[in-house]
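The structure appears right after this line, and notes come after that.
Rule-based calculations on the coordinates, nothing more; no lab input. Everything quoted here is computed from the prediction, not taken from an experiment. Positions of Cβ are generated from backbone atoms using ideal geometry, with glycine treated the same way; all protein chains shown enter the neighbour counts.
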There are 2 protein chains.
Amino acid sequence: MGITNLFRDLPESVPEELFQTLIESGSVRIERIVSEGHASPPGFWYDQSMDEFVVLLQGSAVLQIEGEDQPQVLQPGDFVNLPAHRKHRVESTDPHGKTVWLAIHYPS
Amino acid sequence: MGITNLFRDLPESVPEELFQTLIESGSVRIERIVSEGHASPPGFWYDQSMDEFVVLLQGSAVLQIEGEDQPQVLQPGDFVNLPAHRKHRVESTDPHGKTVWLAIHYPS
């Protein structure tokens with residue numbers, strides 16, 4: 001049974017943020033996200049129909065959640081559980097290396 | 001919205017392997033597991049009714065999957081997707097520090 005590593009097979013450069021589905025089963029989707037200096041476009045907010053549990057595994061990021069005064073800095077191991085339709089955006093990710101996330105999308 | 005870190009709030013000692021449910025929603029369960037030198041009891045095999053996506057985040061472990069010749073060594077970032085009823089056991093975990101896992105249990 002294959003073992004895969006979340007920190008391997010990272011692309012050399014990441015011109016566009018990379019979303020890779022690892023598991024899709026029924027209504028559950030597990031994905032790896034690789035960022036490098038990416039941010040959500042100005043004015044863009046994620047507004048998702050499913051809950052999302054997301055953990056930052058490598059790198060760092062600044063996450064803004066709608067209705068909160070301050071964006072939050074995420075370091076490796078930090079996770080947040082975002083209920084469906086809780087709008088959020090990524091203000092920035094580490095510009096000097098690859099940020100790796102694991103996201104689990106699941107029904108509310 | 002609370003941010004929590006998977007590597008923090010680890011118990012000082014781990015006399016019994018620690019299973020902490022982080023999310024339980026419908027039929028999806030996300031848990032953190034903390035091991036320290038633990039192994040599955042002799043002859044014990046996990047035989048689960050749901051699929052399990054499990055990633056080792058810190059430490060190391062040796063995982064035996066039924067029907068495979070060799071157990072596999074897991075290092076940080078390694079993940080494996082175990083279909084329901086695919087029997088498996090943990091032969092060992094790092095005796096010198098805490099091994100942290102993130103497991104997602106979801107319906108087949």
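For chain A, the Cβ-based charge dipole about the Cα centre amounts to some 200 debye (Lys, Arg positive; Asp, Glu negative; other atoms uncharged).
The mean number of Cβ atoms from other chains found within 10 Å of a Cβ in peptide B:78-85 is 4, as a whole number.
Inter-copy label distances for B:M1: 3.2 nm (label point placed 7 Å from Cα along Cα→Cβ; shortest first). Distance from the alpha carbon centroid of the stretch B:74-89 to that of the stretch A:66-92 works out to 29 angstrom. Computed 3J(HN,Hα) for the stretch A:68-79, one whole-Hz value per residue from the Karplus formula 6.51 cos²θ - 1.76 cosθ + 1.60 where θ = phi - 60°, is 9, 5, 10, x, 10, 8, 10, 10, x, x, 6, 9, glycine and proline marked x.
The dipole here belongs to the protein assembly as shown: it is taken about the Cα centre, uses +1 on the Cβ of Lys and Arg and -1 on the Cβ of Asp and Glu, and is about 120 debye. Sorted from closest to farthest, the other copies place their B:S13 label points 5.4 nm away, with each point set 7 Å from Cα along Cα→Cβ.
Eigenvalues of the alpha-carbon gyration tensor of the protein assembly as shown, scaled by 5 and square-rooted, set the equivalent ellipsoid semi-axes at 30, 18, 17 angstrom, largest first. Separation of the stretch A:1-51 and the stretch B:1-34, taken as the distance between their Cα centroids, equals 22 angstrom. On the principal axes of its alpha carbon atoms, the stretch A:12-108 extends 36, 34, 24 Å, with the longest extent given first.
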